[in-house]
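The values are calculated or read from the model by the stated rules, or taken from the named source; none is laboratory data. What you are looking at is a predicted structure, and each value in this text was computed from that prediction instead of being measured. Quick reminder, even Gly has a Cβ in these numbers, built from the backbone with ideal geometry, and neighbours come from all protein chains shown. Protein only, heavy atoms only, side chains kept; ligands, DNA and RNA dropped before computing areas. Shrake-Rupley method; radii C 1.70, N 1.55, O 1.52, S 1.80 Å.
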Amino acid sequence: MEVLTPLMEQASGEESSDEDLDKEQQPHGITFTQTLLHLLKGNIGTGLLGLPLALKNAGIVLGPVCLVLMGVVCVHCMHILVNCSHQLSERLKRSTLGYSNTVAVAMEMSSSQYLKKGAPFGRKLVDFFLVLTQLGFCSVYFVFLAENIKQVVEGHYTNTTAVVVAMLYSNSSEGSVSSPLDEPAVSVMTGLDQRLYILFLLPFLILLTFIRDLRNMATLCAAANLCMAVSLVLIFTYVLSDVGDPRQLPYVSTWSKFPFFFGTAIFAFEGIGVVLPLENQMRESRRFQQALNIGMAIVIVLYVSLATLGYLHFGDDIKGSITLNLPHDTWSNLLVKVLYSFGVFVSFAIQFFVPAEILVPVVCKNISEPWRYTADLFTRALLATLTCVVAVLVPRLDLVISLVGAVSSSALALVFPPLVELVAMPTRPPALLILKDVSIAGLGFLGFLTGTYVTVGEIIYPDSQGQTRLHDARNWTTPTAPPS
């Protein structure tokens, strides 16, 4: 959902032929409303649920301000990419250009011989980051599903046990009667390590990746989008029931925590991969910039609202996903986790589509025809297992999101677009344009370095709070206490 992969450019990097219909006159293209909805779906996913924790790492005042600024910069980079694609398409007399080909063509048409020679590398570099980002999303999904399913199972079992114990005590004439459902059974059900849940999910997600035609998943995708929308409504309803006092929270967090904010925020905003595919398929492409502005304005408002309200409600107890903070004492809270988990489960196959379409043909091209189908399935299973291994090694949702955001999302969203704008200029760029683009690319590169450094450091040397969250099952759930 962070990147709408069914609409991604062709994995092979080939462009549409000159005989294709002009994109401004596509009679069967997507409408303005459909484009707007796809933009929303392309930017709303698991990253949204991690933004309240991102605000904790920035501060209740600095966080929302930086979130808005980052959103504005990311939208500006999206416009840069669209404009560069238009200019290069007109110069080449081609109808459409995808992300990686926009970078490659800009380098090919540069006056610098070094850039011209490096054009194939530029295309492969963008494809590499696209694959890395998509597989990173899949690792995030593993951790998200494991954490939420663990909470649902443990919360449901604990609540059921509490009700049974309460009934036994109320029906007993002696207050000291012991229950057969006491410590041992509860400990077994609530003591499973989160990594076991990740491994339990692996066979089901591998089977999901064997679906090679996403048109077969159209109904499931629609249901997943509906489930996630209902979940967001329920989350907003819950956090609005008790808005905390912002004066009780730090206005500005320590600078050592800010790189975590950057990684999570850029992960959430990394919808730039959906921009060119949508613009290329829009029926009235001249209205795309309007759709982009409206859609991203809605996204920014949604991000800032949920991040601020979630942090105000839960305070310093906020977790890597706001769903993990919801108690298990009402059916609506359990429903939020079940519905959103279903949406993320279906989205796994969608996010997996691009890396599979890029890597599987490379693996299978040198394999004989009788074994090609087997090699296809084996490669998909191997890639899914790889994302599972990453999730097992880093089973903390906040760290996985921050790492993926800092390493790959920053490059795609902030570094490549401004550099492409400078390279694609047919004449020497104005000084202010150079200053602006270099500043944005520098910000992205600085975020990449600092975000990666602090996140990897936290993974290798976790603080006591992270270790407690990982090994103490009581911190993963908020069970309802047995009535006295």
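Of the residues examined, residue 102 is one that is more than 20 Å from the chain's Cα centre (by Cα) and open to solvent by less than 10 Å² (accessible area, probe 1.4 Å). Residues in segment 446-463 that are aromatic (Phe, Trp, Tyr) and surrounded by 14 or more Cβ atoms within 10 Å (Cβ to Cβ): 448 alone. Under 22 Å from the mean Cα position of the chain (by Cα), open to solvent by 10 Å² or more (accessible area, probe 1.4 Å) and in contact (Cβ under 8 Å) with a residue 40 or more places away in the chain: which single residue out of 132, 115 fits that description? Answer to the check: 132.
Considering segment 307-364, and only residues there that are open to solvent by 40 Å² or more (accessible area, probe 1.4 Å), of a type in the set (Phe, Trp, Tyr) and touching a residue at least 12 places away in the same chain (Cβ under 8 Å), the residue that is farthest from residue 251 (Cα to Cα) turns out to be 353. Among all positions in segment 29-43, there is no residue which is over 25 Å from residue 440 (Cβ atoms), modelled with pLDDT of 90 or more and either acidic (Asp, Glu) or part of a loop (DSSP other than H, G, I, E, B) (or both). Scanning segment 426-445 for residues that are open to solvent by 40 Å² or more (accessible area, probe 1.4 Å) and either under 25 Å from the mean Cα position of the chain (by Cα) or not basic (Lys, Arg) (or both) yields a count of 11. The set of residues in segment 45-89 being among the small types (Gly, Ala, Ser), touching a residue at least 40 places away in the same chain (Cβ under 8 Å) and on the phi < 0 side of the Ramachandran plot consists of 45, 47, 50, 54, 58, 63, 71, 85. Of 341, 347, all but one fail to be modelled with pLDDT of 90 or more and under 19 Å from the mean Cα position of the chain (by Cα); the exception is 341.
Residue-level analysis places residue 291 among those that are touching a Leu at 6+ places or on another chain (Cβ under 6 Å), more than 23 Å from residue 66 (Cα to Cα) and not basic (Lys, Arg). All conditions but one from (1) under 34 Å from the mean Cα position of the chain (by Cα); (2) at pLDDT 60 or above; (3) open to solvent by less than 60 Å² (accessible area, probe 1.4 Å) apply to residue 159; the one that does not is (2). Scanning segment 375-385 turns up no residue that is open to solvent by less than 40 Å² (accessible area, probe 1.4 Å), within 19 Å of the chain's Cα centre (by Cα), closer than 30 Å to residue 242 by Cα and in contact (Cβ under 8 Å) with a residue 12 or more places away in the chain. With respect to the conditions (1) in contact (Cβ under 8 Å) with a residue 40 or more places away in the chain; (2) open to solvent by 50 Å² or more (accessible area, probe 1.4 Å); (3) of a type outside the set (Asp, Glu), residue 301 lacks only one, and its number is (1). Per the conditions (1) within 19 Å of the chain's Cα centre (by Cα); (2) in contact (Cβ under 8 Å) with a residue 40 or more places away in the chain; (3) assigned to a helix (DSSP H, G or I), the sole criterion not satisfied by residue 418 is (1).
Would segment 107-128 turn up any residue that is on the phi < 0 side of the Ramachandran plot, at pLDDT 90 or above and outside any helix (DSSP H, G or I)? Yes, the conditions are met somewhere in segment 107-128.
Based on what the data block shows, is residue 236 at pLDDT 85 or above, open to solvent by 10 Å² or more (accessible area, probe 1.4 Å), closer than 22 Å to residue 402 by Cβ and among the aromatic types (Phe, Trp, Tyr)? Answer is no for this residue. Filtering segment 247-257 down to residues that are in contact (Cβ under 8 Å) with a residue 60 or more places away in the chain and either among the β-branched types (Val, Ile, Thr) or open to solvent by 50 Å² or more (accessible area, probe 1.4 Å) (or both), which residue is farthest from residue 316 (Cα to Cα)? So the residue we want is 256. Listed by first and then second residue, the pairs with beta-carbon distance under 7 Å, at least 6 apart or on different chains, first residue in segment 231-246 and in contact (Cβ under 8 Å) with a residue 24 or more places away in the chain, second open to solvent by 20 Å² or more (accessible area, probe 1.4 Å) and among the aliphatic types (A, V, I, L, M), are 231/339; 234/335; 239/309; 240/309; 243/309; 243/312; 244/312; 246/312. Within segment 259-288, the set of residues being outside any helix (DSSP H, G or I), open to solvent by less than 10 Å² (accessible area, probe 1.4 Å) and either touching a strand residue (DSSP E or B) at 6+ places or on another chain (Cβ under 7 Å) or at pLDDT 80 or above (or both) comprises just one member, 282.
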